[in-house]
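Read-outs throughout are calculated quantities, based only on the coordinates presented, and are distinct from any laboratory measurement. Note that the coordinates shown come from a computational prediction; the quantities given were computed from them, not determined experimentally. A quick note on method: Cβ atoms are made from the backbone with ideal geometry, for glycine too, and the neighbour counts reach across all protein chains shown.
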Amino acid sequence: EPEVTQTPSHQVTQMGQEVILRCVPISNHLYFYWYRQILGQKVEFLVSFYNNEISEKSEIFDDQFSVERPDGSNFTLKIRSTKLEDSAMYFCASHPTRSNEKLFFGSGTQLSVL
Amino acid sequence: AQTVTQSQPEMSVQEAETVTLSCTYDTSESDYYLFWYKQPPSRQMILVIRQEAYKQQNATENRFSVNFQKAAKSFSLKISDSQLGDAAMYFCAITTRDKLVFGAGTILRVKS
């Protein structure tokens, strides 16, 4: 089965630093997402992206966050100035249509902010 | 806005027995999908089963089945013949158009 690939699997950074989390969605997919899960809590929606623009974002997704699809394959999440509370597992996901029949999740990037 | 409630923070089941995980939801939409995701210790999100709201027939996937009660907005997951590999966090989720909304999760422990 095709996979969504996320790199790195674990990233450690200092508070105030910028981080970029990378994702390669499945090649024929058109809708892309970032979700976040703080340890021991539920998975939360951050942002959805379609046709090279954000289609929806949550309250969590403030000005410190941005997303980009710089080429035909990568989908990135940038956190400009990380805070301790940004420590979480970040999941990228994609699907081919808007029907939401099945969302394909990557294996996640664990971000640790020290 | 959609909400999902999982009232059981933790459940235990004996190996080979059956367990049911509860989920209720709220939405004003008529067209939506419901899902159960499994999250093992690796923290990968694995789709277990999904249900289209317009289908009355309950979805089944091998040992996993759901009891979908649309009027009651209830979507429980039944795991039959539980195996040690079923031990994980289970999340119920709903989607209407564009995003998944998850419940808080239920930790399932399987005893040998």
Q: Over the whole of B:88-94, what's the average partner chain Cβ count within 10 Å per residue? Rounded to a whole number, please.
A: 2
Q. Are there GluC sites (Glu not before Pro) in the stretch B:1-89 that DSSP puts in a loop and that have at most 10 other Cβ atoms within 10 Å, and which ones?
A. none
Q: Give me the net charge of B:Ser112's neighbourhood, meaning all other residues with Cβ under 14 Å from the Cβ of B:Ser112; Lys, Arg count +1, Asp, Glu -1.
A: -2
Q | Theoretical gain in end-to-end length, B:Asp98 to B:Ala16 [0.36 nm per residue, Cα-Cα removed] | A | 25.8 nm
Q. Given a cut-off of under 8 Å on Cα pairs at least six residues apart, what relative contact order in percent is computed for chain A?
A. 38 percent
Q) Tell me, what is the percent relative contact order of chain B, built from C-alpha pairs under 8 Å that lie six or more residues apart? A) 38 percent
Q: Please give the average number of partner chain Cβ atoms lying within 10 Å of the Cβ of each residue in B:99-107, rounded to a whole number.
A: 5
Q: Would you please calculate the Kirkwood hydrodynamic radius of the stretch B:3-111 over all C-alpha pairs and express it in Å, rounded to one decimal?
A: 13.9 Å
Q) Taking the Cβ of B:Gln83 as the center, what net charge do the other residues with Cβ under 15 Å away carry, scoring Lys and Arg +1 and Asp and Glu -1? A) 0
Q. Looking at chain A, which longest stretch skips every one of the GluC sites (Glu not before Pro) that is in a DSSP loop with at most 15 other Cβ atoms within 10 Å, leaving the sites themselves out?
A. A:60-100
